[in-house]
Amino acid sequence: VPQERLSQLRSLSDVRIRAFSVGRPRVTAADLCALLSDPKSGRLDALALEHGLLLPPHLEEPLELLGETMGFVVEACLALQVMGAAATAESLKGFVRKRGPAERRDGPAPAPRPAGPPPPQPLPPAVDRLLGATRGLWTPPASLRKISDLLEVAATPVDRVAGEIDRDPPLAGELLKAASLFNGTKMSTVKRALVTCGYPALRRLLGPAAVLARLGSPPPESAFDPDAFWSHSLLTAHAALLISRAAKLGEHETHFMAGLIHDLGRLVVARLLPARSKALREAEAGGTPRDAAEKATLGTGHAEIGACVAGRWGLAPAIVEAARHHHDDPATLEQQPIPREAAVVAALCSLSRDGSRIADWEPFLRLPASRFPEIRLQATRLAEDSLPLMRGSST
Ligand SMILES: [Fe+2]
Ligand SMILES: [Fe+2]
């Protein structure tokens, strides 16, 4: 590894790790891999899982701040940036060949994973009244957990996972769309998506894709405008991805999917309550603000509905909180202990919706405001390019 480049990165990373750790009760290897990832070379944890050097529990253990283990993780992340993914993968493979794949460490046995999903949280009364009886909305298919479990094990053969996903054509279709949008290149087979994205990344795309597959297209009588909906959602998703890459913080796939489905509640209403969706559209056209119209027509808002559905489907907390908080103003959002990805999505949704000031949202984006016009321009182009893909099966 070229030592000069490495020592430059070392001093920069030290500052970033200290800043990142302030106010956090714990920092894990997964946090560091996200913090010190580089768009070109990717993330160390993804490579380490893929090649059997680590197991998921290792990445979630809290690390002593600037202790020895943290030092190893940081050095490995920086080495990846200098060497690149291919050389690092070779090095990891060599290590595993010599020393064997990772095993769970000695010590207290980890708590056994519950056999089924955790018991569902009760729905807020207004959501329950509105949609509680809708069969199929609140229960993810058993195959979702099965596929997710297969993707968690790096050694699962690609054909086995691909076969399982292909048994559910709507899910396969949505997953291919998500993978194509995320990678900026059209993927026509699940196997190709698995190989291109890697298991950990595809696992992060899986849950939201499954929700979209289950929902399908809103009927014409809902007066739903799919182009307007997906233009806004794609713009938010692409901008969130660009920001996560530029700021090198958080999970890229989660930023993207949180942006893509932050308005999930609107899709749910249009698909399942078409008459009310039409009434909302008419109220808005008549000048009633959207949130007041929703309160009158639904008794709740699309943010709450989307968050409830995302929560029941076991989507990442960042995605659930992005759905719940994306209409919060900066002062309210500041009080919420929500994942970074959710705050970024709330900022971007607001900026694209009502022209609020970038300066108000700068702290949430963790990028200088001067970078934002370029990101917005690029995201707008990407959203325009990817809109035809969203005109496919789901809307
Ligand atoms: Fe919204
Ligand atoms: Fe939005």
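Please treat every number below as a calculation from the coordinates, not as lab data. Computed from a predicted model, the values in this text were never measured in an experiment. Cβ sites come from the backbone with ideal geometry, for glycine too, and all protein chains shown count toward neighbours.
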* Structure fact -> Mean-square fluctuation maximum in Gaussian network of the chain, Cα pairs under 10 Å, restricted to 195, 15, 345, hits 15
* Asked: If contacts are Cα pairs under 8 angstrom and at least 6 residues apart, what is the relative contact order of the chain in percent?
  -> 16
* Asked: What spacing in nm lies between the two simple spin-label points modelled at residue 90 and residue 290, each 7 Å away from Cα in the Cβ direction?
  -> 5.1
* To do: Have a look at 210, 296, 179 and tell me which one the Gaussian network model of the chain (Cα, springs below 10 Å) gives the largest fluctuation.
  => 296
* Asked: Comparing 272, 249, 365, which has the greatest mean-square fluctuation in the GNM of the chain with Cα pairs linked when under 10 Å apart?
  -> 272
* Asked: Can you list, largest first and rounded to whole Å, the semi-axes you get for the stretch 120-226 by taking the square root of 5 times each eigenvalue of its Cα gyration tensor?
  -> 28, 18, 11
* **Under DSSP loop assignment and at most 14 Cβ neighbours within 10 Å, longest trypsin sites (Lys or Arg not before Pro)-free interval of the chain** => 187-356
* Asked: Excluding residue 91 itself, what net charge comes from residues whose Cβ is under 12 Å from its Cβ, given Lys and Arg +1 and Asp and Glu -1?
  -> +2
* Structure fact -> In the stretch 261-355, taking the dipole from +1 charges on Lys and Arg beta carbons and -1 charges on Asp and Glu beta carbons about the Cα centre, the listed residue (311, 342, 272) farthest towards the positive end is 272
* Asked: Among 372, 256, which comes first, second and so on when ranked by fewest other beta-carbon atoms within 10 Å?
  -> 372, 256
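Between exposed GluC sites (Glu not before Pro) in the chain, where DSSP calls loop and at most 11 other Cβ atoms lie within 10 Å, what's the longest gap?
104-395
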* **Rounded to the nearest 20 debye, dipole of the stretch 334-395 from Cβ charges on Lys, Arg, Asp, Glu** => 100
* To do: Determine, for 45, 166, the number of other Cβ atoms within 10 Å of each Cβ, and report the residues in order from fewest to most.
  => 166, 45
* Extension gain, residue 248 back to residue 367 (0.36 nm per residue minus Cα-Cα distance, nm) -> 41.8 nm
* Per-selection Rg to Rh, the chain - Cα, Kirkwood hydrodynamic radius -> 0.97
* Structure fact -> Summing +1 per Lys or Arg and -1 per Asp or Glu among the other residues with Cβ less than 14 Å from residue 219's Cβ gives +2
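If you place +1 on the Cβ of every Lys and Arg, -1 on the Cβ of every Asp and Glu, and leave all else neutral, what size is the dipole of the stretch 229-311 about its Cα centre, to the nearest 20 Debye? Don't skip to the answer; put the middle values down first.
Numbers: 9 positive and 8 negative charges, 26 e Å.
Result for the stretch 229-311 is approximately 120 debye, rounded to the nearest 20.
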* Asked: Got a sec to turn the phi values of the stretch 30-44 into Karplus ³J(HN,Hα) couplings, 6.51 cos²θ - 1.76 cosθ + 1.60 with θ = phi - 60°, whole Hz, x for Gly and Pro?
  -> 5, 4, 5, 5, 6, 5, 9, 7, 10, x, 6, 9, x, 10, 5
* Asked: Tell me, what ³J(HN,Hα) does each residue in the stretch 143-154 have, in order and in whole Hz, if you take phi through Karplus 6.51 cos²θ - 1.76 cosθ + 1.60 with θ = phi - 60° and put x for Gly and Pro?
  -> 5, 5, 5, 4, 5, 4, 5, 4, 6, 6, 9, 4
